[in-house]
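Q: This is the structure I have questions about; it appears just below.
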Amino acid sequence: MPKNYAIVAKGLKKSYKKLEVLKGIDLRVEQGTILALLGPNGAGKTTTVKILSTLLAADDGQVTIHGYDLHKEPDGVRSVIGLTGQYAAVDEYLTGRENLEMMGRLYRLSQADAKRRSEELLQQFDLIDAAGRSVKTYSGGMRRRLDLAISLIAAPPIIFLDEPTTGLDPRSRIAMWEIIKQLVGAGATILLTTQYLDEADLLADKIAVIDGGKVIAEGTADELKQHVGNERLELTIAKGSNFQKAQKVVDGEALQVDSKRRLLSIAMTGGVKHLQEILNKLQAAGIEVDGLSLHKPTLDDVFLQLTGHQATKDDVAEEDKK
Amino acid sequence: MAEQTLQAGSIQPEKHSAAYWVFSDSWVLIKRSLTHIIKSLDQLLSVVLQPIMFMLLFRYVFGGAIDTGPTSYVNFLVAGILVQTAAFGATTTALGVANDMQRGIIDRFRSLPMLSSAVLTGHVVSDLVRNTISTIIMILVALAVGFSPNADPLEWLMVFGILLLFTFAISWLSAILGLLAKSVEAVQWFSFIAIFPLTFASSAFVPAETMHPVLRGFAENQPVTHTIEAIRALLVGTPIGNHGWIAIAWALGIIAITIPLATWLFRRHTTR
């Protein structure tokens, strides 16, 4: 059965002066599904979204959105997309209601439709009490909700969400996830970018891991997790043993090395036999193991194995560089 | 109801001609900028208060020391203050444009199936409204401090016409400033530095004949002076000469260059 793709991008390239930001991105998003573009800061996620939403011209590549050619029919594309960027794109001086009605009119809805949709969305996003206040007085979470409501004013079949939960408190984050799930349940196709692995895991039907301007892996969360085996083994090396040496012994298998906590993480690909092998190798090298635990792999592990660096910056990543 | 609200593709846009949408988009954004005026009354206040203070300063503090021949100083002054107010008022376009450019909202406008350069039109047109309000206030203050114009209704109409044309030209010029500037603060400085010499090195407060010859050469031939002289002539009957035509020609010339340039800069800026 042929699949129906709402978004198809082939070989997207973009450079800023000499800096190559996108080095040939290929993406396909099936209608009515969520694709998460997962990657660290500077991977090219936002640039990709900007190109797909007509804000930025690509240097090379082809894009079709809802049947419209991005290059030839940008206004066609604009009529079927909703965009929520990283920063709430709302007018500070206007009220929530005025923002919605204005954007509705600019989406070319009739006056009556723009008004009706505004009220519905204010209700839906729990902004009805604040609807008559100027946006200046809104909290960060309220602005984000209004921003998303604005992108939905014309009920677009395709929605771009650029890091929709960055900077939100945990409660607002969960509320945003609920909304995203409802949207896709109501038939929308969503492309979202995130640097949060749990977010991609929870929401996305498919995940494209992007790093250095390239898609380095693509698949369902489960498929990606299979890259790192079914389970992840964490070993604590005893204080008396040489940590560097232990690291060498499991060379090539270590997913994550934390010398401070003397931790080695290893992807388990061969079951109990594999575990035995590792322990034997360490024993043969005269290295004592203090602790041992098994975990279900996270997308963090996937990322680490695919890119060789962690998705989110922390002490470990810093140490790895040294 | 919840389901329906979020249902993708559940609503259709209106069908109209392309020309209809140019006007519709522009009108929506003009309304937006007009709402800004109402919502930020402090800004309107500062646009009006400053020239009132200038008016009082020159009328009562410096005025006595300035010889303006047969025309009384207060009658001489009003045209200068009106044009200066219009010039400084028009720079709020630069602020509004820069504000939009630095914030995410421009990306929102650009991602909609609208005429995005209507954002500029919105700012420029709302400036005309703001300046009309401040002009009326200034004239009322002037009358209160002894201004005695002898203009007939037609001449008053021409005064407003020239002032609006002048404002329109400077607004488009400052839209360019707003597009080029890297920050909102830079815009404030930039526009002050651009407008200050144009309005003070003119015949706004003192007759240009009293200036140093080099400065006088500049003052007598720059557009602000022609605009002031034209308005002064219409208001209090000083000789108009060619000032009216030259002022209109300058304004039209600036508009003819700045509108396409601003639109081009806007496109370039946003498709970077």
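Q: So which residue, out of A:Gly82, A:Gly39, A:Gly132, gets the largest mean-square fluctuation from a GNM of chain A using Cα contacts under 10 Å as springs?
A: It is A:Gly132.
Q: Of A:Ala246, A:Leu19, A:Ile207, whose Cα points farthest to the positive end of the dipole of chain A (charges on the beta-carbon: +1 Lys, Arg; -1 Asp, Glu; origin at the Cα centre)?
A: Checked the options; the winner is A:Leu19.
Q: For chain A, with a Gaussian network of springs between Cα atoms less than 10 Å apart, report the residue from A:Pro297, A:Pro156, A:Pro170 with the top mean-square fluctuation.
A: A:Pro170
Q: Once you list every other residue whose beta carbon is under 11 Å from the beta carbon of B:Leu234, what net charge do they have if Lys and Arg are +1 and Asp and Glu are -1?
A: Working: positive: B:Arg232; negative: B:Asp152, B:Glu155, B:Glu229.
Net charge around B:Leu234: -2.
Q: To the nearest 100 Å², how much accessible surface do chains A and B cover up together, summed over both, with a 1.4 Å probe? Walk me through the intermediate numbers first.
A: Details: alone 16540 and 14310 Å², together 27120 Å².
Chains A and B together bury approximately 3700 Å².
Q: Would you work out which of B:Val97, A:Thr137, A:Asn99 lies farthest towards the positive end of the dipole of the protein assembly as shown? Charges go on Cβ: Lys and Arg +1, Asp and Glu -1.
A: Projecting each Cα onto the dipole axis, the largest value belongs to B:Val97.
Q: Sorting check: for B:251-257, A:138-144, which peptide has the highest mean count of neighbouring beta carbons within 10 Å, and how do the rest follow?
A: Numbers: B:251-257: 15.3, A:138-144: 17.6.
For the peptides B:251-257, A:138-144, the packing ranking is A:138-144, B:251-257.
Q: Just tell me which aspartates and glutamates come within less than 13 Å, Cα to Cα, of A:Lys239; anything on the same chain fewer than 8 places away is out.
A: Correct list for A:Lys239: A:Glu288, A:Asp290.
Q: Quick one: among A:Leu168, A:Leu52, A:Leu121, which has the greatest mean-square fluctuation in a GNM of chain A with alpha-carbon springs under 10 angstrom?
A: A:Leu168
Q: If you don't mind, another one. Please work out the FRET efficiency for the pair A:Arg261 and A:Lys136, using the Cβ-Cβ distance as r and a Förster radius of 41 Å; give the result to the nearest 0.05. It would help to have the intermediate numbers written out before the result.
A: Numbers: r = 46 Å, r/R0 = 1.12.
Rounded to the nearest 0.05, the efficiency is 0.35.
Q: Could you pull out every one of the lysines with an alpha carbon less than 27 Å from that of B:Lys31, ignoring same-chain neighbours closer than 8 positions?
A: Cα-Cα hits under 27 Å: A:Lys115, A:Lys136, B:Lys15, B:Lys39, B:Lys182.
Q: Further question: What 222 nm value per residue comes from the helices of chain B, counting each DSSP H run with n ≥ 4 as -39,500 (n - 2.57) and dividing by all residues, nearest 500 deg cm²/dmol?
A: On the way: 12 runs with 202 residues, N = 272.
After summing the helix terms and dividing by residue count, I get -25000 deg cm²/dmol.
Q: Would you calculate, for chain A, the mean residue ellipticity at 222 nm contributed by helices, counting each DSSP H stretch of 4 or more residues as -39,500 (n - 2.57) and dividing by all residues, to the nearest 500?
A: On the way: 12 runs with 119 residues, N = 322.
The helix contribution divided over chain A gives -11000 deg cm²/dmol.
Q: Other chains' Cβ within 10 Å of B:7-20 residues: what's the mean? Show your work: numbers first, answer last.
A: Details: counts 7, 18, 10, 6, 12, 7, 8, 9, 1, 2, 0, 0, 0, 1.
Across the residues of B:7-20, the mean count of other-chain Cβ atoms within 10 Å is 6.
Q: Right, next: Keeping all protein chains in place, calculate the accessible area per residue for the range B:20-271 (probe 1.4 angstrom), answer in Å².
A: On the way: 10810 Å² over 252 residues.
Value returned for the range B:20-271: 43 Å² of accessible area per residue.
Q: Taking every residue in A:120-132, how many Cβ atoms of other protein chains lie within 10 Å of its Cβ, on average? Write down the numbers at each step before the final one.
A: Values: counts 5, 2, 0, 3, 5, 1, 0, 0, 0, 0, 0, 0, 0.
Mean number of neighbouring Cβ atoms from other chains: 1.
Q: Please say if the range B:140-232 is rounded, prolate or oblate, where rounded means a/c under 1.5 for a ≥ b ≥ c the square roots of the C-alpha gyration tensor eigenvalues, and otherwise the choice is prolate for a/b larger than b/c and oblate otherwise?
A: On the way: a/c = 2.08, a/b = 1.36, b/c = 1.52.
Oblate shape, in that a/c is at least 1.5 and b/c is the bigger or equal ratio.
Q: Further question on the same structure: Would you kindly calculate the mean projected area, averaged across all directions, of the convex hull enclosing the Cα atoms of the protein assembly as shown, in square nanometres?
A: Hull-based average projected area comes out at 35.6 nm².
Q: Follow-up question, since we're still on this one. Give the accessible surface of the range A:5-219 per residue, rounded to a whole number of Å², with probe radius 1.4 Å and ligands, DNA and RNA excluded.
A: Numbers: 8200 Å² over 215 residues.
Solvent-accessible surface per residue comes out at 38 Å².
Q: Here's another thing I want to ask about it. Relative to the first principal axis of the alpha-carbon coordinates of chain A, what is the inclination of helix A:170-185, with its axis defined by its Cα atoms, in degrees from 0 to 90 and to the nearest 10?
A: Helix A:170-185 and the main axis of chain A meet at about 70 degrees.
Q: Looking at the range A:5-219, send over the antiparallel percent of its DSSP beta bridges, to the nearest 5.
A: Details: 22 of 40 bridges.
Of the beta bridges lying entirely in the range A:5-219, close to 55 percent run antiparallel.
The values are calculated or read from the model by the stated rules, or taken from the named source; none is laboratory data. Bear in mind the structure is a predicted one, so any value in this text is a computation, not a measurement. Because the Cβ atoms are built from the backbone with ideal geometry, glycine has one as well, and the counts that use them run over all protein chains shown. In case anyone asks, the SASA skips ligands and DNA or RNA and just uses the protein heavy atoms, side chains included. Shrake-Rupley method; radii C 1.70, N 1.55, O 1.52, S 1.80 Å.
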